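See below for the structure under consideration.
The values are calculated or read from the model by the stated rules, or taken from the named source; none is laboratory data. Everything quoted here is computed from the prediction, not taken from an experiment. Here Cβ is always computed from backbone atoms with ideal geometry, including for glycine, and neighbour counts include all displayed protein chains.
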Amino acid sequence: MTHIDTLLHARWIIPVSEGDPCLLDHSIAIHEDRILRIMPTETAKSTYKASVEQAYTQHALIPGLINAHTHAAMSLFRGLSDDIALMDWLQNHIWPAESKWVNEDFVQCGTELAIAEMLRSGTTCFNDMYFFPDITARVAKSAGIRACVGLIVIDFPTVWASNAEEYIEKGIAVHDNFRGDELITTTFAPHAPYTVSDKPLEKIRSFAHEMDIPITMHIHETAHEVAQAVEKTGIRPLHRLNQLGLVNPSLLAVHMTQIEQDEIDMLASSGCHVVHCPESNLKLASGFCPVAELHKRGINLALGTDGAASNNDLDMLGEMRSAALLAKGVAADPTALPATAALRMATINGAKALGIDDKVGTLETGKHADIVAINMNSIETTPVYDPVSHLVYSCGRDQITDVWIAGRHVMKNRVLTGLDETDIRRQAQQWSRKIGSEE
Ligand SMILES: [Zn+2]
């Protein structure tokens with residue numbers, strides 16, 4: 001018998017690896033931070049002796065969900081300003097609220113709140129874009145969640161930096177501080193084509209190349225954005241970014257609700273990634289990303305919730321369902337984006353976009369043990385013919401019972417082991433009293 005750290009037995013294991021079906025009555029052997037082996041439970045019991053052995057007899061084990069685009073700290077603005085258009089929302093509500101309230105404590109508190117919600121929803125990795133990325137990284141690391149921290153760049157001054165130069169400098173310092181960290185990676189995160197000018201974008205391109213990190217950017221979020229750019233510059237934003245050398249396999253193009261045929265060709269041939277945020281796009285009526293068509297063209301599609309101020313939750317199970325349903329509606333094709341494809345968007349495709357697919361995104365030998373257990377034994381998911389179908393179309397996030405990240409048990413029977421939920425709620429309520437009293 002080989003002695004290992006953890007042995008998880010499960011009714012179903014859904015590895016999401018290429019060609020791997022749903023495995024029945026299998027087990028995952030974990031040692032230190034890695035998956036050692038996945039095998040039939042009978043074999044596991046006669047091969048391994050584990051310090052912790054747990055049977056999940058009514059559960060499905062899946063890879064941790066990867067939220068490929070969010071603004072974690074904005075959870076403190078959840079429900080502050082709803083039911084208005086993107087530009088009105090940004091210019092008259094969110095940006096003024098940010099300039100008034102965002103500081104280090106706001107980012108610390110909002111990020112903790114977001115991480116608690118994400119862990120309780122089965123998210124084990126998030127790609128963030130916000131001010132004070134140093135604090136986001138520190139909070140994520142101490143909570144034990146994997147994070148790809150966006151080094152935000154925007155032309156105008158905020159409490160984080162006063163000009164594009166300074167954003168870039170401070171971002172590089174954050175990258176250097178967390179270089180080689182097990183849980184924290186970085187991306188450059190220029191906000192959008194309409195808020196970052198050519199010069200800083202060129203610098204970002206060359207630094208990102210040198211530092212070997214991706215670039216995340218909101219692109220073609222609305223028709224208004226594209227029309228305004230054409231009026232001002234005579235060229236659509238994606239074409240401008242292409243001229244600047246940014247449309248390549250390092251780019252995560254977030255939203256992309258407005259795409260012409262030649263732009264689909266450009267996305268496909270460049271190898272860049274598209275991050276679909278269906279619920280934020282629906283709520284702000286931003287438009288529809290033609291997911292089924294992009295999928296057919298072999299473009300890597302990841303999935304994000306966007307921030308809790310425009311969604312208004314960070315629920316990746318819900319996001320998968322919205323993505324699968326919306327893709328069918330938009331394509332007028334019920335076979336568009338089947339459940340397995342939606343699950344890939346929320347796992348391995350996100351890992352590919354962030355350049356961490358060698359570590360996470362599937363359940364396979366040698367990968368880091370980022371695992372989520374979902375209890376299928378509830379009225380809402382009975383009977384079970386196909387657990388993948390349930391994951392996408394029926395399960396609620398309250399059915400998620402346990403979460404492991406790099407082999408650490410970060411949620412045990414719905415209790416977070418590294419975060420104080422009562423304290424997080426108390427601090428968030430204090431912030432909401434301040435913000436709400438002046439709105
Ligand atoms: Zn966003």
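Leu416 meets each of the listed conditions (1) more than 15 Å from Met118 (Cβ to Cβ); (2) surrounded by fewer than 20 Cβ atoms within 10 Å (Cβ to Cβ) apart from (1).
In contact with a strand residue (DSSP E or B) (Cβ under 6 Å, 6 or more places away or on another chain) and within 22 Å of Ser99 (Cα to Cα): does that describe Val159?
In short, no.
If you filter segment 295-325 down to residues that are under 21 Å from Met118 (Cα atoms) and of a type in the set (S, T, N, Q), you find that the one that is farthest from the ligand (Cβ to nearest atom) is Ser322.
Checking each residue in segment 183-204 for being more than 13 Å from Ile154 (Cα to Cα) and in a loop (DSSP other than H, G, I, E, B) picks out only Leu183. Selection within segment 220-275: residues that are part of a loop (DSSP other than H, G, I, E, B) and of a type in the set (Asp, Glu). The member of this set that is nearest to the chain's Cα centre (by Cα) is Glu221. Here is a check on your reading of the model: is Lys328 over 25 Å from Phe77 (Cβ atoms), part of a loop (DSSP other than H, G, I, E, B), charged (D, E, K, R) and away from the ligand (no atom under 16 Å from the Cβ)? Here the answer is no, as Lys328 does not meet what is asked.
Remark: Cys289 matches the filter, which requires a residue to be modelled with pLDDT of 95 or more and either over 15 Å from Met256 (Cα atoms) or more than 12 Å from the ligand (Cβ to nearest atom) (or both).
Any residue in segment 262-270 that is touching a Pro at 6+ places or on another chain (Cβ under 9 Å) and of a type outside the set (Phe, Trp, Tyr)? Yes, there is a match, as at least one residue in segment 262-270 is touching a Pro at 6+ places or on another chain (Cβ under 9 Å) and of a type outside the set (Phe, Trp, Tyr). Contact map, segment 204-230: first residue closer than 18 Å to Cys272 by Cα and within 16 Å of the ligand (Cβ to nearest atom), second residue in a loop (DSSP other than H, G, I, E, B) and at pLDDT below 95, Cβ cut-off under 6 Å, separation 6 or more or different chains; pairs are Glu221/Ser286. Considering only residues in segment 120-145 that are among the aliphatic types (A, V, I, L, M) and away from the ligand (no atom under 16 Å from the Cβ), the one that is nearest to Ala369 (Cα to Cα) turns out to be Ile145. Taken over segment 331-358, the criterion of being outside any helix (DSSP H, G or I) and among the hydroxyl-bearing types (Ser, Thr, Tyr) is satisfied by Thr335, Thr347.
When His3, His31, His9, His59 are checked against the criterion of being touching a helix residue (DSSP H, G or I) at 6+ places or on another chain (Cβ under 6 Å), farther than 30 Å from Ala309 by Cβ and either more than 16 Å from the ligand (Cβ to nearest atom) or among the aliphatic types (A, V, I, L, M) (or both), His9 stands alone in meeting it.
The listed residues are Trp95, Trp89, and the only one of them that is surrounded by fewer than 17 Cβ atoms within 10 Å (Cβ to Cβ) and aromatic (Phe, Trp, Tyr) turns out to be Trp95. On the basis of being surrounded by 14 or more Cβ atoms within 10 Å (Cβ to Cβ) and part of a helix (DSSP H, G or I), does Phe207 make the cut? Yes, satisfied.
Close Cβ contacts (under 8 Å, 6 or more residues apart or on different chains) running from residues in segment 250-268 that are more than 24 Å from Thr186 (Cβ to Cβ) to residues that are within 12 Å of the ligand (Cβ to nearest atom) and part of a helix (DSSP H, G or I) comprise Thr257/Asn281.
Determine which member of the set Ile379, Ile356, Ile371 is touching a Leu at 6+ places or on another chain (Cβ under 6 Å) and more than 16 Å from Val291 (Cβ to Cβ).
Result of the check over Ile379, Ile356, Ile371: Ile371.
Any residue at all in segment 172-183 that is within 19 Å of the chain's Cα centre (by Cα) and within 24 Å of Arg78 (Cβ to Cβ)? The answer is no, given that none of the residues of segment 172-183 is within 19 Å of the chain's Cα centre (by Cα) and within 24 Å of Arg78 (Cβ to Cβ).
The rows are residues; the columns are (1) in contact with an Asp or Glu (Cβ under 7 Å, 6 or more places away or on another chain); (2) at pLDDT 95 or above; (3) surrounded by fewer than 21 Cβ atoms within 10 Å (Cβ to Cβ).
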| residue | (1), (2), (3) |
| --- | --- |
| His26 | no, yes, no |
| Thr43 | no, yes, yes |
| Ser46 | no, yes, yes |
| Ala60 | no, yes, no |
| Ile66 | no, yes, no |
| Ala72 | yes, yes, no |
| Leu76 | no, yes, no |
| Lys100 | no, no, yes |
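Answer with yes or no whether Pro96 is within 16 Å of the ligand (Cβ to nearest atom), of a type outside the set (Gly, Ala, Ser) and either out of contact with any Phe, Trp or Tyr (no Cβ under 7 Å at 6 or more places or on another chain) or farther than 21 Å from Ala346 by Cβ (or both). Criteria not met by Pro96. Across segment 187-203, which residue is farthest from the ligand (Cβ to nearest atom) among those that are aliphatic (A, V, I, L, M) and over 21 Å from His276 (Cα atoms)? The selected residue is Leu201.
Only one of Gly366, Gly361 is assigned to a loop (DSSP other than H, G, I, E, B) and surrounded by 21 or more Cβ atoms within 10 Å (Cβ to Cβ); which?
Gly361
Of Val388, Val384, Val392, which residue is among the hydrophobic types (A, V, I, L, M, F, W, C) and over 19 Å from Asp315 (Cβ atoms)?
Working: Val388 fails: over 19 Å from Asp315 (Cβ atoms); Val392 fails: over 19 Å from Asp315 (Cβ atoms).
Among Val388, Val384, Val392, only Val384 is among the hydrophobic types (A, V, I, L, M, F, W, C) and over 19 Å from Asp315 (Cβ atoms).
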